[in-house]
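Working notes for the structure below.
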Amino acid sequence: KGKRIAIILDDAGYPLSQEALELVKGGWPITVSIFPFLSCSKNVANIVKENNGEVMLHLPMEANQPTKLKGTILVDMKEDEIRKNVRVAIEAIPHISGVNNHMGSKATADQKTMEAVFLEIKEKGIYFIDSVTTEKSCAAKLARRMGLRTGKRKVFLDNEDNQEYVARQFELLLKMANKDGEAIAIGHITKKSTVAFLKSEIPKLTEAGYELVWASEMVK
């Protein structure tokens, strides 16, 4: 056992590329966060669960720029509507252990909106990880105050879709794990550079003194 790292690959729910399928079937404790309501959402969740992965809901939330994904949580919704949307999204995907936000720079900065989201998540007994898409996010702090198991993203692996960028961000992840003992990264299962890099580097982590764990092992 060494310094702990959790890697969340989100934006899942579309057909998996062959490379992504190979990564998921590698049996590593990778956490895959899946959009609700897409044609392959349930199928991807089943594949992840069957191969030692962990399933999260990638919950669409309102950003400062318009978003059109089905089921997006909007700040002008009433509490009952928000809770219903969260509940339906959770029920749309099997094997869910937790939730992280997709986008959400507007919603995660709004305490009233997040309180409604967290009331439903808490009732389901699952965790929440703040993707931290804005510095103004109140999500992680509020989740802790409301008694949810929660954590925060430390590194985005692939804001740029090339392996040189992903490699630099992965090195930053390792440095943060060295400093704090653990760190959570988010990348995208739809990005070829990310998948190719992780297929190459994950097998080296143990020998380098790092322990790859599910996101559920990092929440407090």
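The values are calculated or read from the model by the stated rules, or taken from the named source; none is laboratory data. It should be emphasised that the depicted structure is a prediction, and the values quoted were computed from it without experimental measurement. Ideal geometry is used to build each Cβ from the backbone, glycine not excepted, and the neighbour counts take in all protein chains shown. Ligands, DNA and RNA are stripped out before the accessible areas are found, and what is left, the full protein with its side chains, is counted by its heavy atoms. Shrake-Rupley method; radii C 1.70, N 1.55, O 1.52, S 1.80 Å.
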Of (1) of a type in the set (A, V, I, L, M); (2) more than 23 Å from Glu135 (Cα to Cα); (3) outside any loop (DSSP other than H, G, I, E, B); (4) open to solvent by less than 20 Å² (accessible area, probe 1.4 Å), Ile7 fails just (2)
Yes or no: the range 101-109 includes at least one residue that is on the phi > 0 side of the Ramachandran plot and not hydrophobic (A, V, I, L, M, F, W, C). yes
Just to be sure I understand the filter: pairs with C-beta atoms under 7 Å, separated by 6 or more residues or on different chains, first member in the range 103-125 and free of Cβ contacts under 8 Å to residues at least 40 places away in the same chain and buried (at least 16 other Cβ atoms within 10 Å of the Cβ), second member β-branched (Val, Ile, Thr) and not in a helix (DSSP H, G or I). Which pairs pass? Ala109/Thr134; Asp110/Val75; Met114/Thr108; Ile121/Val99
Which of (1) outside any helix (DSSP H, G or I); (2) open to solvent by less than 70 Å² (accessible area, probe 1.4 Å) does Leu21 not meet, given it meets every other one? (1)
Restricting the first residue to the range 154-182 and requiring it to be under 18 Å from Asp130 (Cα atoms), which pairs with a second residue that is assigned to a helix (DSSP H, G or I) and of a type in the set (Gly, Ala, Ser) meet a Cβ separation below 8 Å and a spacing of at least six or different chains? Asp158/Ser193
What's the total number of residues in the range 43-86 that are within 20 Å of Ala215 (Cβ to Cβ), open to solvent by 40 Å² or more (accessible area, probe 1.4 Å) and outside any loop (DSSP other than H, G, I, E, B)? 3
Quick one: Ala167 ticks every box in (1) under 21 Å from Ala109 (Cα atoms); (2) in contact with a helix residue (DSSP H, G or I) (Cβ under 8 Å, 6 or more places away or on another chain) bar one, so which box is it? (1)
So Pro94 fits all but one of (1) within 16 Å of the chain's Cα centre (by Cα); (2) open to solvent by less than 10 Å² (accessible area, probe 1.4 Å); what number is the exception? (2)
Long-range neighbours under 7 Å by Cβ, at least six apart or interchain, first residue more than 13 Å from Leu173 (Cα to Cα) and among the hydrophobic types (A, V, I, L, M, F, W, C) within the range 205-216, second open to solvent by 30 Å² or more (accessible area, probe 1.4 Å) and modelled with pLDDT of 95 or more: Val213/Arg4
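Considering the range 164-191 alone, what residues qualify as being assigned to a helix (DSSP H, G or I) and either modelled with pLDDT under 95 or among the hydrophobic types (A, V, I, L, M, F, W, C) (or both)? Before the answer, list the steps.
The first filter runs over the range 164-191 and keeps only residues assigned to a helix (DSSP H, G or I), leaving 164-180.
Val166, Ala167, Phe170, Leu172, Leu173, Leu174, Met176, Ala177 - these are the residues of the range 164-191 that are assigned to a helix (DSSP H, G or I) and either modelled with pLDDT under 95 or among the hydrophobic types (A, V, I, L, M, F, W, C) (or both).
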Conditions: (1) acidic (Asp, Glu); (2) over 18 Å from the mean Cα position of the chain (by Cα); (3) closer than 21 Å to Asn64 by Cα. Glu201 meets all but one. Number of the miss? (3)
Output the number of the condition that Thr194 fails; it satisfies all remaining conditions of (1) in a helix (DSSP H, G or I); (2) more than 21 Å from Asn101 (Cβ to Cβ); (3) polar (S, T, N, Q). (2)
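Being at pLDDT 95 or above, of a type outside the set (A, V, I, L, M) and under 18 Å from Thr194 (Cα atoms) narrows it down to one residue among Lys78, Lys25, Lys49; which is it?
Details: Lys78 fails: under 18 Å from Thr194 (Cα atoms); Lys49 fails: under 18 Å from Thr194 (Cα atoms).
None of the other options fit; the residue is Lys25.
Name the residue, out of Ala143, Ala109, that is within 20 Å of Ala6 (Cα to Cα), aliphatic (A, V, I, L, M) and either out of contact with any Pro (no Cβ under 9 Å at 6 or more places or on another chain) or not in a loop (DSSP other than H, G, I, E, B) (or both). Explain how you work it out, then say what you get.
Details: Ala109 fails: within 20 Å of Ala6 (Cα to Cα).
Being within 20 Å of Ala6 (Cα to Cα), aliphatic (A, V, I, L, M) and either out of contact with any Pro (no Cβ under 9 Å at 6 or more places or on another chain) or not in a loop (DSSP other than H, G, I, E, B) (or both) holds for just one of Ala143, Ala109, which is Ala143.
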